[in-house]
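Inspection log for the structure reproduced underneath, given as structure tokens.
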Amino acid sequence: MRRRPRKDSNLPLLEHVLALRKVLIISAYAIVIGSIIGWFFSDLVFAYLARPVILLQDIKFITTTPMEPMLVKVKVSMFIGVCLALPVLMWQIWSFVLPALKQNERKYLYIIVPSSVLLFLGGAALCFYVVLPIGIKFLIYAGLGGVQSTPFLTKTSYLGFILTFLLTFGLVFQLPIVLLILIRIGILSPQILAKKRRWAILTIVIMAVVISPTPDLVTQLLMAGPMYLLYEISIWLGYLVARNRDKELAVK
């Protein structure tokens, strides 16, 4: 039996609110379950996250408050929880952002979500293995000046620093997904992206300056370089997406 259409003019807004509520609840459950699992591995994970500092050898971690070790353990557990829940989070986010997909287009979520997860992890890996070792050395040793001193880091400050870096790079690496979706729905075209390279370079540099977790030029360049490479990849993939879209429109 077909439902009678409701005449409530606020229904679209209500539906969006309910959809957002569902996304938040499912995401929260996924993170909580992942965090419970992550609690048992938090010490090992923090030891691994601290490797860029530990390898420098002459830098020591210190604890300044009785609560700090426990807070670090909780934060690392939540970080592990987010990582474990990442496929669920990406599915929920993209399902909410792309509600206008038709039933036969829902299949694209099976491409978008895994690609989004891999790009996020790729950005975080580039940050951890390439950018952080260079950035930490530059930030610590460039500021020592001519006075001999021993650098100390609190676990809390370092954890906040590194998690900000990882999150920023992971989100920046979502650029191809966003551009390809805009090409797919016809808002952008690969030809326009190719013609606007100069403006794209300027925008990317400005974005790197604004969203970079640190103000040093080295980190900003290490962020801007991959962003522009992703932009170029998006152009070439955009031609394939536009071609498939035109074929589907021609068939219709």
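The values are calculated or read from the model by the stated rules, or taken from the named source; none is laboratory data. All values reported here derive from a predicted model rather than from experimental measurement. Cβ sites come from the backbone with ideal geometry, for glycine too, and all protein chains shown count toward neighbours.
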Positions within the range 39-69 being over 23 Å from the mean Cα position of the chain (by Cα) and under 30 Å from residue 23 (Cβ atoms), in sequence order: 40
Failed item in (1) modelled with pLDDT under 85; (2) within 24 Å of residue 186 (Cα to Cα), with residue 236 passing the rest: (1)
Criterion (within 23 Å of residue 212 (Cβ to Cβ), of a type in the set (A, V, I, L, M, F, W, C) and at pLDDT 90 or above) met by exactly one of 165, 169: 169
Wholly enclosed helices (runs of 4 or more DSSP H) of the range 8-72 bearing at least 2 residues in contact with a Phe, Trp or Tyr (Cβ under 9 Å, 6 or more places away or on another chain) and within 18 Å of residue 93 (Cα to Cα): 11-39
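Here is a yes/no grid of residues against (1) crowded, with 17+ Cβ neighbours inside 10 Å; (2) within 18 Å of residue 132 (Cβ to Cβ):
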| residue | (1), (2) |
| --- | --- |
| 31 | yes, no |
| 40 | no, no |
| 48 | no, yes |
| 53 | yes, yes |
| 56 | no, yes |
| 77 | yes, no |
| 82 | yes, no |
| 85 | yes, no |
Residue in the range 192-201 that is closer than 30 Å to residue 132 by Cβ, of a type in the set (A, V, I, L, M) and out of contact with any helix residue (DSSP H, G or I) (no Cβ under 7 Å at 6 or more places or on another chain) present: no
All helices (runs of 4 or more DSSP H) inside the range 136-239 with 2 or more residues being surrounded by fewer than 15 Cβ atoms within 10 Å (Cβ to Cβ) and without any contact (Cβ under 8 Å) to a residue 60 or more places away in the chain: 155-172, 190-195, 197-211
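Rundown of residues vs (1) out of contact with any Ser or Thr (no Cβ under 7 Å at 6 or more places or on another chain); (2) of a type in the set (S, T, N, Q); (3) in contact (Cβ under 8 Å) with a residue 12 or more places away in the chain, yes/no style:
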residue: 36; (1), (2), (3): yes, no, yes
residue: 47; (1), (2), (3): yes, no, no
residue: 80; (1), (2), (3): no, no, yes
residue: 93; (1), (2), (3): yes, no, yes
residue: 98; (1), (2), (3): yes, no, yes
residue: 109; (1), (2), (3): no, no, yes
residue: 128; (1), (2), (3): yes, no, yes
